[in-house]
Amino acid sequence: MGSEPIRVTCYEGYKANESPRSFVWADRTLRINKIVDRWYGSSTDSRCGITDYFKVQADDGNTYIICYSRLFGGWAVLVP
């Protein structure tokens, strides 16, 4: 599974990038209707740091897994 960079708009409460609200991928803006699941992961490669994962349902009817790299400060969507 690979990934592609995306732009994400988030709700930011007490921490940055707390809850994604929409994302832009392939020149399309997708509104997030629901966060289905959320988890944190880390790589065995210490240079990658911790990544926040979100399984989301978007307004196009599809489910996506998007992730935020805390080390690099970037968002991506996982693609098959």
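Where a number appears in this text, it was derived from the coordinates with a stated rule and is not lab data. Since this is a predicted model, take the numbers as computed values, not measurements. Neighbour counts run over all protein chains shown; Cβ positions are idealised from the backbone, glycine included.
Observations on the structure shown:
- Spin-label model distance (nm) - T9 vs V79, 7 Å beyond Cα toward Cβ: 2.3
- Added length on full extension, which subtracts the Cα-Cα distance from 0.36 nm per residue, W39 to D59: 5.0 nm
- Projecting label points 7 angstrom from Cα along Cα→Cβ for S69 and R21 puts them 2.6 nm apart.
- A simple spin-label model places the labels of R28 and I50 3.3 nm from each other, with each point 7 Å out along Cα-to-Cβ.
- Surface/4 of the Cα convex hull for the chain, nm²: 5.4
- 5 angstrom amide H check on L71, placed H, neighbours 5+ away: I50
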